[in-house]
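Everything below concerns the one structure shown next.
The values are calculated or read from the model by the stated rules, or taken from the named source; none is laboratory data. It should be emphasised that the depicted structure is a prediction, and the values quoted were computed from it without experimental measurement. We place every Cβ from the backbone using ideal geometry, glycine too, and count neighbours over all the protein chains shown. Ligands, DNA and RNA are excluded from the accessible area calculation, which covers all protein heavy atoms including side chains. Shrake-Rupley method; radii C 1.70, N 1.55, O 1.52, S 1.80 Å.
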Amino acid sequence: MLPHPLTGAPALAFVTYGKVKLTNLRARPQLAVTIRSGWAWATVEGAATLIGPDDPAPGVDAERLRLLLREVFTAAGGSHDDWDEYDRVMAEQRRTAVLIDPARVYGVLGG
């Protein structure tokens, strides 16, 4: 989870790309994401906001998008030895941040 860049509310986020996937998310932004570790799992359901090169958002310019993609990556536990290379690949692949406003969260802890 991280603060939604437009609202500041907690949001589940991931980064994606691809014409078909993004077309589907634009047409049907309501989704569920399940995260699993062993027998423990959690599902977050909610409406998605797309922020990327083909999905502009107010107040999110190219520099803010570059930093947002890094924030999503690091919030998921990622690290990188060459952030310039990371930024280059994200821009080249036209990666998009998907932020889910959690309407419902449920799951099983432990196992």
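The table for this structure:
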| quantity | calculated |
| --- | --- |
| Under Karplus coefficients 6.51, -1.76 and 1.60, residue-wise ³J(HN,Hα) of segment 13-23 in Hz, glycine/proline x | 9, 8, 10, 9, 7, x, 4, 5, 4, 5, 4 |
| The chain, accessible area per residue, ligands and nucleic acids excluded (1.4 Å, Å²) | 62 |
| With DNA, RNA and ligands ignored, accessible area of Val20 (1.4 Å probe; Å², nearest 10) | 110 |
| Loop-resident sites, segment 1-107, for chymotrypsin sites (Phe, Trp or Tyr not before Pro), counting at most 11 other Cβ within 10 Å (DSSP) | Trp39 |
| Amide H partners (placed H, <5 Å) of Arg94, local residues excluded | none |
| Portion, in percent, of the accessible area of the chain that falls on carbon or sulfur, probe 1.4 Å | 56 |
| For segment 29-83: rounded, prolate or oblate by the Cα gyration tensor [a/c cutoff 1.5] | oblate |
| For segment 19-111: rounded, prolate or oblate by the Cα gyration tensor [a/c cutoff 1.5] | oblate |
| Placed amide H near His4: partners under 5 Å, 5+ positions off or other chain | Ala9, Ala11 |
